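K.L.:
So that we are looking at the same thing, I have put the structure below in structure tokens.
The values are calculated or read from the model by the stated rules, or taken from the named source; none is laboratory data. This one's a predicted model, so the numbers in the text were calculated from it and none came from an experiment. Ideal geometry is used to build each Cβ from the backbone, glycine not excepted, and the neighbour counts take in all protein chains shown. Accessible surface areas use protein heavy atoms only, side chains included; no ligands, DNA or RNA. Shrake-Rupley method; radii C 1.70, N 1.55, O 1.52, S 1.80 Å.
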Amino acid sequence: MSTPEVLWRPGRERVARAGITRYRDWLARTRGLTFPDYEALWSWSVERLEDFWESFHQWAGVIAHSPYRTVLVERTMPGARWFEGETLNYAEHLLAPAGTPAASGRPALVFESELQSRTEIGWERLRAETGALAATLKRLGVAPGDRCASYMPNIPQSVVALLATTSLGAVWSSASPDMGPVSVLDRFRQIEPKVLFAVDGYRYGGKDFDRRDVVRELVRQLPSVQAVIFVPYLDAAASLEMASGGGSSRTDAAGAVRVVDWAQALVEPAECRFTPVAFDHPLWIVYSSGTTGMPKPIVHGHGGFVLETLKTNLLHLDVGADDRYFWFSSTNWIMWNLWVSTLMTGATLLQFDGNPGHPDLDTLWRLAERERLSFLGISPAFVQLCMKAGLKPRERFDLSALRTIGSTGSPLAEEACRWIYADVHPDVMLASISGGTDPGAAFLTSCPILPVYAGEMQCRTLGGAIHAYDDDGRPVIGRVGELVCAEPMPSMPLYFWGDTDGRRYFESYFDVFPGPPNVWRHGDWLELHARAESVTATIYGRSDSTINRYGIRMGTSELYRVVEEFEEVADSLVIDLEYLGRESFLALFVVLRHQGGPAAGAGAKGPAPDGASAARGQTGVAPALRERLLGALRTRLSARHVPNEVYAIPDVPRTMSGKKMEVPVKKILLGQPVETSVNRDSMANPASIDWFVAFGAGRAAG
């Protein structure tokens with residue numbers, strides 16, 4: 001395969017100012033260590049794992065209340081014990097810039113939403129509100145190790161609530177209010193929160209959603225909740241009465257659940273204090289996507305996330321106190337945790353709550369221009385929408401302040417990379433990263449001293465022994481394999497909440513390549529490429545939804561890149577139906593633009609047929625379009641990539657974070673019950689799964 005086009009190289013000034021350059025200079029000055037290139041530095045960071053993390057811990061200025069005795073007790077997964085003996089506090093690191101010259105005169109947060117106009121929140125105000133709320137939590141009986149759960153959107157109150165909770169050594173957990181009660185209860189029942197932060201509702205896409213009934217249901221079903229701290233966000237005059245419809249509020253031995261209004265929770269000033277906790281003290285509980293079965297309650301620790309955030313921002317994303325940083329996310333996703341943790345760099349964080357496509361796709365580009373963003377974090381799905389709409393943001397907006405554009409959530413295609421440099425900004429670092437909720441880290445990431453190749457991530461993260469393994473567990477380069485991490489990282493989960501024997505944790509990551517030593521298998525197809533300056537990376541989709549045709553394994557992202565270039569196709573899903581003892585049946589499902597409308601001539605002549613009709617052969621795709629799609633896949637990819645059939649569907653099932661639900665759909669089409677294949681309440685569009693249920697039943701009957 002030929003080397004792809006280099007889309008960007010950093011200038012001399014950018015390299016000189018980069019955090020990773022300062023770190024390398026420091027290593028040379030204080031440790032006598034010099035490295036000719038990034039790859040040599042990466043190799044040292046994983047071969048001399050303890051030396052790397054100890055040096056970075058010192059260089060980054062981790063605030064410790066008591067010193068560590070050992071950097072890493074033993075190189076083992078799971079159960080690695082890092083910086084044993086050290087005590088620190090995550091929230092203290094986020095609020096450390098308050099009062100420093102670097103943050104003087106700069107806001108900590110700039111917030112706007114579909115509901116509220118632009119608001120600046122200074123560092124001292126953020127620290128003061130954190131102190132006041134932490135004091136209220138203490139009066140409510142919150143102690144280290146107690147869980148405080150949030151049912152709030154991406155608003156400043158969520159940031160303050162996280163800081164106050166973690167400043168006490170209590171454990172944070174969050175679900176966004178666009179989630180239904182069943183999905184939220186599946187998460188919060190497992191962790192038994194003592195306090196619930198909740199809003200009255202939210203606005204999205206111009207529509208208001210009152211969530212007070214959901215909040216009442218959560219409290220009724222969560223007997224551990226002793227108090228609700230209530231934020232009237234949708235309606236400033238809203239209140240939360242726990243008794244509704246003539247019923248009574250849930251009570252326990254302590255009596256009725258107490259409701260504390262947000263303003264009341266902050267009314268009494270208190271000094272902001274930080275409880276020192278062990279390096280591996282639980283920080284928060286995040287969750288797997290929850291598309292099948294109960295979500296995994298993943299516990300990350302204070303010290304691990306402090307170190308990983310500092311490393312990611314200072315060495316890879318190149319974020320500092322001068323930056324104005326934005327990454328679009330909801331409070332449901334680990335990217336929100338990374339976004340808020342970036343406060344520890346002293347950067348000003350831009351916060352937006354609402355639909356990025358409302359009233360049009362210019363919303364985030366207007367934000368970038370108005371706020372002079374230096375870092376803009378978006379998703380491949382948003383980029384694809386902008387490309388399809390023919391947007392050329394650089395021609396209509398002043399984006400000259402941008403230094404970096406971040407992207408994550410799914411693979412970023414070569415065409416999308418080229419669009420960013422041609423139509424957004426010609427001189428930005430494109431930080432396409434991949435990792436996730438589970439490790440609390442980006443395994444594949446960016447670097448400000450490396451070039452950007454079209455369709456590839458720049459490098460493997462420092463301190464992360466990331467490889468592509470073949471079926472025999474051997475690392476390969478230039479071939480697709482399983483993404484693995486062969487050495488422990490400080491940010492990896494401490495454990496799953498309630499998983500007393502550790503079996504669920506082990507089976508989630510270590511049962512494919514068990515040791516000794518055990519190797520973390522992430523569940524993605526990865527290809528590493530040996531380039532001149534570093535080993536770059538391409539992700540090809542989830543390995544458990546992989547296409548396996550005629551003995552050749554293929555990821556799904558390649559097909560999506562070709563199919564979704566068609567003007568007639570709004571979205572797509574590809575599923576390989578592997579039947580025991582039978583040849584693979586590859587099905588391509590497409591959402592057609594203007595179904596049934598005047599523009600449908602080249603595609604469907606009417607609305608997509610229902611699933612049962614499609615199973616009987618009524619595909620809903622015009623023969624001409626079908627042949628063009630198959631021909632493009634044959635010529636652009638290979639004959640092995642050509643589907644057996646193409647079907648028109650109303651919508652692609654997606655998770656709350658926007659990921660295509662390939663695995664649940666595959667299970668349904670292979671005959672597994674829908675109840676065990678998918679959790680509808682964790683879906684962004686639950687009705688979309690009904691088409692596939694009918695399609696699967698029709699195929700079985702046929």
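K.L.:
Which whole-Hz ³J(HN,Hα) couplings does segment 422-428 yield from phi under the Karplus relation 6.51 cos²θ - 1.76 cosθ + 1.60, θ = phi - 60°, glycine and proline marked x?
P.N.:
Karplus-based 3J(HN,Hα) across segment 422-428 equals 7, 10, 10, 6, x, 10, 10 Hz.
K.L.:
For the chain, what does -39500 (n - 2.57) per DSSP helix run (n ≥ 4), summed and divided by total residues, give at 222 nm, in deg cm²/dmol to the nearest 500?
P.N.:
Taking each H run of at least 4 residues, the total per residue is -8000 deg cm²/dmol.
K.L.:
Still on this structure, please answer the following. Residues with amide H under 5 Å of residue 443's amide H, sequence separation 5 or more or different chain, H placed in the peptide plane at 1.01 Å from N; which?
P.N.:
Residues meeting the amide H criterion: 434, 435, 436.
K.L.:
Then there's this: Using each residue's phi in segment 143-151, evaluate 6.51 cos²θ - 1.76 cosθ + 1.60 at θ = phi - 60° and report the 3J(HN,Hα) Karplus result to the nearest Hz, with x for Gly and Pro.
P.N.:
Per residue, the Karplus-derived 3J(HN,Hα) values read 10, x, x, 5, 9, 10, 9, 10, 10 Hz.
K.L.:
Classify segment 93-250 as rounded, prolate or oblate from the Cα gyration tensor: take a ≥ b ≥ c as the square roots of its eigenvalues, call it rounded if a/c is under 1.5, otherwise prolate when a/b beats b/c and oblate if not.
P.N.:
oblate
K.L.:
Send over a whole-number figure in Å² for the accessible area per residue of the chain, probe 1.4 Å.
P.N.:
That works out to 38 Å² for each residue.
K.L.:
R0 = 56 Å: FRET efficiency of residue 264 with residue 504, Cβ-based, nearest 0.05?
P.N.:
Calculated value: 0.90.
K.L.:
Taking θ = phi - 60°, what integer Hz values does the Karplus form 6.51 cos²θ - 1.76 cosθ + 1.60 yield along segment 296-305, in sequence order, with x for Gly and Pro?
P.N.:
7, x, 8, 9, 9, x, 4, x, x, 6
K.L.:
What shape does segment 1-102 have by the C-alpha gyration tensor, where a ≥ b ≥ c are the square roots of the eigenvalues, rounded means a/c under 1.5, and otherwise prolate means a/b greater than b/c and oblate the rest?
P.N.:
The shape class here is oblate.
K.L.:
If amide H atoms are built 1.01 Å from N in the plane of the peptide, which residues on other chains or at least 5 residues away come under 5 Å of the amide H of residue 300?
P.N.:
283, 284, 286, 494
K.L.:
Kindly state, to the nearest 0.05, the FRET efficiency for residue 241 paired with residue 618, given R0 = 45 Å and r defined as their beta-carbon distance.
P.N.:
The formula returns an efficiency of 0.30 here.
K.L.:
Here is a follow-up. Taking a threshold of 28 Å on the Cα-Cα distance, which of the pairs 388/667; 296/666; 194/659; 194/666; 194/667; 207/666 fall above it?
P.N.:
In this structure, 388/667; 194/659; 194/666; 194/667; 207/666 exceed 28 Å between Cα atoms.
K.L.:
So if each residue of separation counts as 0.36 nm, and I subtract the Cα-Cα distance between residue 224 and residue 81, what length gain in nm does that give?
P.N.:
48.4 nm
K.L.:
Using the reciprocal of the averaged 1/r over all distinct C-alpha pairs, how large is the Kirkwood radius of segment 284-392 in Å?
P.N.:
After inverting the pairwise mean of 1/r, the radius is 15.6 Å.
K.L.:
Can you tell me which of 164-174, 55-65 comes out highest on packing, and rank the rest after it, using the mean Cβ neighbours within 10 Å?
P.N.:
Result, highest mean first: 164-174, 55-65.
K.L.:
Quick check: the distance between the Cα centres of segment 444-516 and segment 643-702, to the nearest angstrom?
P.N.:
That distance is 29 Å.
K.L.:
While we're here: Where nothing but the Cβ of Lys and Arg (+1) and of Asp and Glu (-1) is charged, how large is the charge dipole of segment 600-680 around its Cα centre, in debye to the nearest 20?
P.N.:
280 debye
K.L.:
Follow-up question, since we're still on this one. Give, as a single signed number, the net charge of other residues whose beta carbon lies under 14 Å from the beta carbon of residue 565, with Lys and Arg counted +1 and Asp and Glu -1.
P.N.:
Summing Lys/Arg as +1 and Asp/Glu as -1 gives -1.
K.L.:
Considering only C-alpha atoms, what is the centroid distance from segment 107-145 to segment 163-205, in Å?
P.N.:
Segment 107-145 and segment 163-205 have Cα centres separated by 16 Å.
K.L.:
For the chain, which whole-number percentage of the solvent-accessible area (1.4 Å probe, protein heavy atoms only) is attributable to carbon and sulfur atoms?
P.N.:
49 percent
K.L.:
Return the long-range amide H neighbours of residue 535 (sequence gap of 5 or more, or a different chain), with a cut-off of under 5 Å between placed amide H atoms.
P.N.:
Excluding prolines and chain starts, which carry no amide H, the hits are 460.
K.L.:
Separate question: Can you pull the one-decimal nm distance between simple spin-label points at residue 415 and residue 544, each 7 Å off the Cα toward Cβ?
P.N.:
Between residue 415 and residue 544, the label points sit 3.0 nm apart.
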